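Participant: Dumping the structure here so I can ask a few things about it.
We did not get these values from a lab; they are worked out from the coordinates using the rules stated. What you are looking at is a predicted structure, and each value in this text was computed from that prediction instead of being measured. Glycine gets a Cβ as well: all are built from the backbone with ideal geometry, and neighbour counts include every protein chain shown.
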Amino acid sequence: MTQRVELAIVMDRLAVDELITEYAVAVDDGDWEAYRKLFAPKGRADYRSAGGIEGTAADVAGWLAESMRLFPMRQHLIVNRRIRFGTLDHDTDDTARVGADYVNPMRFAKEDGDDTSTAPDFVCGGRYRFGLLRTPDGWRLTEVVVEEKWRRLPERRPEAVIN
């Protein structure tokens, strides 16, 4: 492998890692326009294992915008990222697959409007599967699949909960 090829692989890894980070930030900040822009034109997301929906990036962004109102504080921690490029899997396209574990602490909105506490009272974790495609605009998501493995709820669960 030449230095030029090695540098290209490093640059792709950094770009893919940045895209995954931008995904987490968009969801945590509720920036649904940025969320939609992370996807390729036919990109889809599947949140069914966490009680959500599966659909186009636009459909899922709308669902997230509504359901995340329940959680004014949220913070994705996406770790253990395993990046595999399509060329390594004998794919002819510029594609990548990323598997990554996540922990997602969130705080339920309070019915009385007192959101002064920022301590999480709902935490879930699992694994993401991301599919990516290199486009003229850079790497974009073709697929996001959430595989929730566990969740911890507060002692007294609020009435309005996803699921």
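Participant: Determine which residues of the range 9-43 fall in the zone a paramagnetic label at residue 56 would reach in this model, i.e. backbone nitrogen under 18 Å from the point 7 Å along Cα→Cβ.
Facilitator: 32-43
Participant: Using the Karplus equation 6.51 cos²θ - 1.76 cosθ + 1.60 (θ = phi - 60°), what ³J(HN,Hα) coupling, rounded to whole Hz, does each residue of the range 130-138 give in order, writing x for Gly and Pro?
Facilitator: 10, x, 10, 9, 7, 10, x, 8, x
Participant: Let's test the formula: R0 of 25 Å, r as the Cβ-Cβ distance of residue 149 and residue 6. What FRET efficiency results, to the nearest 0.05?
Facilitator: 0.10
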